[in-house]
């Protein structure tokens, strides 16, 4: 889901319940707890991703691209995960120069630009990689 509205303001009127989006309204304390939980998950994910080697990062990149299409693949009765041939390709072929350059420069960019670039890299509707200057 993409939105110009911040997550906290969007969630204030949402009702949460385990396993769904129902139940009692989430108050400001509950919102704070939720945001702390989301932040902790993001920090843990960053630690895991930071510890991956080049090949593992490429695998995660490809898996993310495939995962975006998971609902379509499942509706068609197809396996959504990358095939063995894709994993073999990752091991034997260097990443495209453009993708390598994007991710090397990503950390030095402002957060909003990082988000914009990551969205464009992983959005299956966008075929062209962004330019980084």
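Please treat every number below as a calculation from the coordinates, not as lab data. Only a predicted model underlies this, so the values are computations on that prediction, with no experimental measurement involved. Glycine gets a Cβ as well: all are built from the backbone with ideal geometry, and neighbour counts include every protein chain shown.
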Suppose the chain between residue 40 and residue 104 were pulled fully straight at 0.36 nm per residue; how much longer would it get relative to their current alpha carbon spacing? 20.6 nm
So how do 46, 103 line up by other beta-carbon neighbours within 10 Å, fewest first? 46, 103
